[in-house]
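The values are calculated or read from the model by the stated rules, or taken from the named source; none is laboratory data. Keep in mind that this is a model prediction, so the values were computed, not measured. Every residue, glycine among them, receives a Cβ derived from its backbone with ideal geometry; neighbour counts consider all protein chains shown. To get the accessible areas, we keep the full protein, side chains included, count just its heavy atoms, and leave off ligands, DNA and RNA. Shrake-Rupley method; radii C 1.70, N 1.55, O 1.52, S 1.80 Å.
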Amino acid sequence: MSDALKVALLGCGTVGGAVLRLLSEQSEDLAARIGRRVEVAGVAVRRPDRHPDVPADLLTTDALGLVTRPDVDLVVEVIGGIEPARSLLLAAIGAGKSVVSANKALLADDGVALHAAASEAGVDLYYEAAVAGAIPLLRPLRESLAGDQLRRVVGIVNGTTNYILSRMAETGAGFGEALAEATEAGYAEADPTADVDGFDAAAKAAILASLAFHSPVTSADEYREGISAVSATDVARAAEIGCTVKLLAICERVAGADGADDSVAVRVHPAMIPTSHPLAAVGGAFNAVFVEAEAAGELMFYGRGAGGEPTASAVLGDLVAVARNRLAGVAGPGTTGYAGLTVRPMAETPTRYHVSLDVADKPGVLATVAQEFAANGVSIATVRQDGHGEAATLVIVTHRAPDAALAATVTRLREMSAVRGVTSVLRVEGLS
Ligand code: HSE
């Protein structure tokens, strides 16, 4: 074999460390699969003294110098965040290097500009590890399903929140207690905001929607709601109607008034889903993404969405792909925004609600409550009443209606004298 392909590694934390180790342990197999040896040219870190396991001659604090070095062919970025990652990747691409990144925030915010730069430079930009860790998902969307029309992509793409919601369902705990348990178990970060408030899932949803619908979508286009307001009551109410609560990233094509698809809806929020839905069985910190396509039908991708080795597996898969392309003198498929579909505002996105109310058990109360749904143009699918003394609990599941109409209905219900309390409000997905 002739000269080795040289890889620059940006970042050497949990994922970077696993990438380095696997590159070394699997070097013979990787060389055989690629047709050329892969060598690490350097590892850029902020504090070299914190990486005693990495050969000192590979470590550098000069990341820009490393990614633009003439002998470097490929750059792997696992530092995360927007800057300096964006500047470094643009510099690498500008210098003709192919890039593998695990950076969901950057790709979600600036994917269009990075893809344009890569396309202009004729290099690869791959980022399988940015969404759902080890799960092969972006390449299936970008390549295997490129001949199909996708209708929906619905995923559990954040392991921390899935762990918390799973524990709430299993133990009856409230959100705070389950979060404390997740922190103790090492699933939640010391500052869990990015996971708990849905930012992490929203970045992944933007990447999924852009690829699935050939339209540029950024996190800023999306509706995002985390799980901190999900209560033990919500989880119990879900169980009563045969559902479980999950934080979902939902990307779907939405038909216009004439029935033609004319936009996409992209949102992240907790929702009840039937326990019979394949995503309901995804427990603990696992991820899964359910895809509905015109010709392929329903597909599900399941696996580990985080962790050093699972994420490194996705990084190395990309590395092999871009290395092969490099040797063949080609660039792999990029992204296409040709469809140019716009993102529909959440207020106009059709959703379904589950609403649980404490009311007085008196004549006319149900009629008054039902009237509020009707006044907002919301059709009720089911109503259940559980009486207890002079009070009753009403559990209402609606049909699909614009989210704003459902929210306005709930606002009015909270103001009604006949309603003693609105005890649970959650969107519902996947009910027939
Ligand atoms: N923090 C993420 C999770 C993993 O909990 O799934 C990295 O995106």
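Computed quantities for the displayed model
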| read-out | value |
| --- | --- |
| Gain in span if fully extended, S417 to S276, counting 0.36 nm per residue against the direct Cα distance | 47.0 nm |
| Label-point separation, D191 to S87 (7 Å along Cα→Cβ), nm | 2.1 nm |
| The stretch 195-312 shape via C-alpha gyration tensor axes, a/c threshold 1.5 | rounded |
| Nearest-0.05 FRET efficiency for A295 and E390, computed from C-beta distance (R0 60 Å) | 0.60 |
| Largest-first ordering by accessible area, 1.4 Å probe, given options H388, H214, H354 | H388, H214, H354 |
| Chain lengthening between A95 and E240 when straightened (0.36 nm per residue, less Cα-Cα) | 46.3 nm |
| The chain, relative contact order in percent, only Cα pairs under 8 angstrom and at least six apart counted | 16 percent |
| Label-point separation in nm, D3 to D258, each point 7 Å along Cα→Cβ | 5.7 nm |
| Theoretical FRET efficiency, 1/(1+(r/R0)^6), r = Cβ-Cβ of S27 and T183, R0 30 Å, to 0.05 | 0.20 |
| Potential lengthening between S231 and S379 on full extension [0.36 nm per residue; Cα-Cα distance subtracted] | 50.7 nm |
| Solvent-accessible ranking of H269, H399, largest area first, probe 1.4 Å | H399, H269 |
| Label zone at D148 (point 7 Å along Cα-to-Cβ), backbone N below 20 Å, the stretch 98-132 | 128, 131-132 |
| Reachable lysines from K246, criterion Cα separation under 18 angstrom, eight or more residues apart if same chain | K204 |
| Peptides ranked, highest mean first, by Cβ atoms within 10 Å: ranges 44-55, 419-430 | 419-430, 44-55 |
| Ordering of 217-227, 30-40 by packing [mean C-beta count within 10 Å, highest first] | 217-227, 30-40 |
| For the chain, radius of gyration divided by Kirkwood radius, i.e. Rg to Rh on alpha-carbons | 1.04 |
| Shape category assigned to the stretch 1-139 from the gyration tensor of Cα positions, a/c cut at 1.5 | rounded |
| Å² per residue, accessible surface of the stretch 275-430 at 1.4 Å | 45 Å² |
